[in-house]
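The values are calculated or read from the model by the stated rules, or taken from the named source; none is laboratory data. As the structure is a prediction and not an experimental result, all values here were calculated from the model. Don't worry about glycine lacking a Cβ; one is built from the backbone with ideal geometry, like all the others, and counts go over all protein chains shown.
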Amino acid sequence: MFFSSLLLMRTSMAAYNYNVVKFGAKPDGRTDSTKAFLGAWQAACRSAASVTVTVPRGSLLKPVVFRGPCRSRITFQIYGTIVAPSNYRGLGNSGYWILFVQVNRISINGGTLDARGASFWACRKSGKSCPPGARSMTFNWANDVVVTGLKSINSQVTHLVINSCNNVVVRKVKLVAPDQSPNTDGLHVQNSAGVTVTDSTFQTGDDCISIGPGTRNLYMSKLNCGPGHGISIGSLGRDAKEAGVQNITLVNSVFSGSDNGVRIKSWARKSTGFVRNVLFQNLVMKNVQNPIIVDQNYCPTHKGCPKQGSGVKISQVVYRNIQGTSRTQHALKIRLITGQWPPFLRSRVVSGDKDKGTTQHFMGRGVIR
């Protein structure tokens, strides 16, 4: 009886574990395994019981869409590295590499994504005609998502995107690209609610985290950012009708050698967008160029900039216990629609060498009401 029960249990476990190799994947890092991944996904999506899709070491994957809804919870257990085609044009013009659409109760555990973005960045820098670039992993209209232990390297553009999702947990991830790689944001969140990001490292060529319109109830803690452009709310105000950003918390995090620390940026044009109820607390800046920025006249190219005055209202923003060193003499940069520094924000320089002018030690606190 014991042996028959054990055999039944093993058979049941095997039935709920779909290894992409059994669907034809070749774990050699050279053979296209996209069809095998889709076969495993379709089988998992049909399962009435919770299921695991197992990914072995060294799988090559072309652009792929894992589409729901599915019947039960699915876990992607990734071992080793999933690589993109060596030719950057192999990721096409769709804008994504790995895309999950309308999938609820999905978990991504472990593994590394290598998008091999270096040749794409070289194309961008050369001024040649290039594809738009592919985001390494994207979730659209998904709920109850967990991404844990994932490492993403050399993304063509953004590493991880959370778009129009609810109840998302991102923890212990590491998103890495060279500091001169263009537009390689670590995590981008927009039109989503209930997102938690903890215990993670971002070393990128653009924003460590960018927070777009429609983001609500975003909690971030114990993050390491740098190199990169810091953690940014915005840019906002691109469109006249735009959802606001509210209830954003960043605490207990460290910025090391990044261009910026915490930043709020909006275009100088009329918009229904807003930023409200934001807390930046217990942050350490280590040799950061611009630790705190609020810019309502954002225009990175300085060409054809709108000069209408920002319609994005910023209120209830709290900076508390932010300290460290700045590479410039101005730890705070505030550019509001009036062009004047607000009286509500204070910074105290505690030490520094004005003659050398390279490093400034500061402590800051303030409230935007």
Exercise. Across region 207-255, what is the number of residues that are out of contact with any Asp or Glu (no Cβ under 6 Å at 6 or more places or on another chain) and at negative phi?
Worked result: 33
Exercise. Asn224: within 20 Å of the chain's Cα centre (by Cα), under 27 Å from Gln329 (Cα atoms) and part of a strand (DSSP E or B), yes or no?
Worked result: yes
For this session: Residues being within 29 Å of Lys241 (Cβ to Cβ) and either within 10 Å of the chain's Cα centre (by Cα) or in a loop (DSSP other than H, G, I, E, B) (or both): count how many of those fall in region 191-219.
Result: 13
Exercise. Which of (1) in contact (Cβ under 8 Å) with a residue 40 or more places away in the chain; (2) surrounded by fewer than 23 Cβ atoms within 10 Å (Cβ to Cβ); (3) closer than 25 Å to Thr198 by Cα does Gly311 not meet, given it meets every other one?
Worked result: (3)
For this session: Among the residues of region 77-91, write down those that are of a type outside the set (Gly, Ala, Ser) and part of a loop (DSSP other than H, G, I, E, B).
Result: Tyr79, Pro85, Asn87
Problem set entry | Members of region 174-190 that are surrounded by fewer than 24 Cβ atoms within 10 Å (Cβ to Cβ) and either within 9 Å of the chain's Cα centre (by Cα) or outside any strand (DSSP E or B) (or both) | Pro178, Asp179, Gln180, Ser181, Pro182, Asn183, His188
For this session: Check Ser155, Ser221, Ser164, Ser119 and return the single one that is buried (at least 23 other Cβ atoms within 10 Å of the Cβ), of a type in the set (S, T, N, Q) and modelled with pLDDT of 95 or more.
Result: Ser155
Seminar exercise, completed: Quick count over region 92-111, residues being surrounded by 18 or more Cβ atoms within 10 Å (Cβ to Cβ) and in a loop (DSSP other than H, G, I, E, B), is 3
For this session: For region 237-288, name all the residues that are crowded, with 19+ Cβ neighbours inside 10 Å, of a type outside the set (A, V, I, L, M, F, W, C) and under 21 Å from Asp185 (Cα atoms).
Result: Gly237, Ser253, Ser258, Asp259, Asn260, Gly261, Arg263, Lys265, Ser266
